[in-house]
Amino acid sequence: MPHVTEDGVLDALKTVADPDRGQDIVALGMISGLIIKDGNVGFAIEVDPQRGPHMEPLRKAAEEAVHALPGVVSVTAVLTAERAAGARTAPQQQQAAAQQQGGPQGGPQGAPGTKALVPGVKSIVAVASGKGGVGKSTTAVNLSLALTTLGLRVGLLDADIYGPSQPRMLGISGRPNSPDGRTLKPMENYNVKCMSMGFLVAEDTPMIWRGPMVQSALSQMLRDVDWGELDILIVDMPPGTGDAQLTMAQQVPLTGAVIISTPQDIALLDARKGLNMFRKVDVPVLGIIENMSMFICPNCGHESHIFSHGGAKLEAEKLGVDFLGELPLDIEIRETSDSGQPIVVSRPDSPHAVNYVSIAERIWAQVAGSIGQGRQAPKIVMQ
Ligand SMILES: Nc1ncnc2c1ncn2[C@@H]1O[C@H](COP(=O)(O)OP(=O)(O)OP(=O)(O)O)[C@@H](O)[C@H]1O
Ligand SMILES: [Mg+2]
């Protein structure tokens, strides 16, 4: 296969002119972050945030120019508004970026605030928390597997582009194919289709993402992937209530969100923060799962409540959301998911696996009830 070089890509991009300024986008210094890997090309086009909404045709033209090169397998061009960002406040930047992505030119369906549904995907559920390390990824993978046992067609989108976990948890390595050079085929194991930044970037490559690039990456992992027919797509969210969450909440027609909390986390109000974020953007919170609820001693089976216990249940009641269930802190849950054989597939008869399945049933009961109501992504107004 012909070797793709940086010079070759830049030469191709020189044929693309900025419509407003007449010159080519390379001469104007708009190209940055060029990455070439096995024929997969990625780069950013820096634009003034004001112009973001009108730049989609330019982005497409740049992708097409590079795609025409021999040896190019896929091209991902993202618009970034970083350059002019110095003078702007964070919320303004987010708004500009949101317009870029979700504005009139941003999606196939056009209208602002009505993000295109993902064709074939009936429902999308985010697994989120207020803070990191509480077990979102572990819960997301086990719930995905539990949903397959209900006979559902399931996808898992690893939205943590800084620290993707799902390739490891699902035991998948390798790179996704792109037979048509435009959409990626998701990877698959245990009947779950998965897309993760971990498939696209080497594990030891430091990733430096700027706000608008994060948003593009997420929306491309969602929409430029050939998910096929799915009953439910679980989204493993990154920690926090920042950009990525807002993007998902705004751009993705989420059917609902599930909040993972440890008992002490809820006491610290982190989970409440997560919950409030989804409520603010009008995404229904399907309920709270308490993770690491108690410790079961592997030797004697004694239950100890290291992080206290029951906080999430009380909090769920107070907040008026469903309490979906609780999972203990158990070394088996950690070992199995960290080794690519989550407990729901490796020990389907264990009490934890049964527990995940009953939580999945509760989630699916709510999701099934709201599918087909055609809710649209809400519009976020930054203050
Ligand atoms: N119930 C549990 N029992 C034992 N270990 C667990 C449990 N839940 C999660 N873990 C372990 O805790 C660690 C953190 O979990 P995980 O990666 O799922 O959290 P996260 O919320 O996705 O983290 P991040 O915010 O970094 O994405 C992992 O090593 C995982 O195996
Ligand atoms: Mg995680």
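A few notes on this one:
- The separation of region 330-344 from region 4-34, counted between C-alpha centres, amounts to 47 Å.
- Straight-distance crosslink candidates among lysines, where the alpha carbon sits under 18 Å from K14 and sequence neighbours closer than 8 are dropped: K60
Every read-out reported here was derived from the displayed coordinates using simple, explicitly stated rules and does not represent laboratory data. Not measured: the values here are computed from a predicted model.
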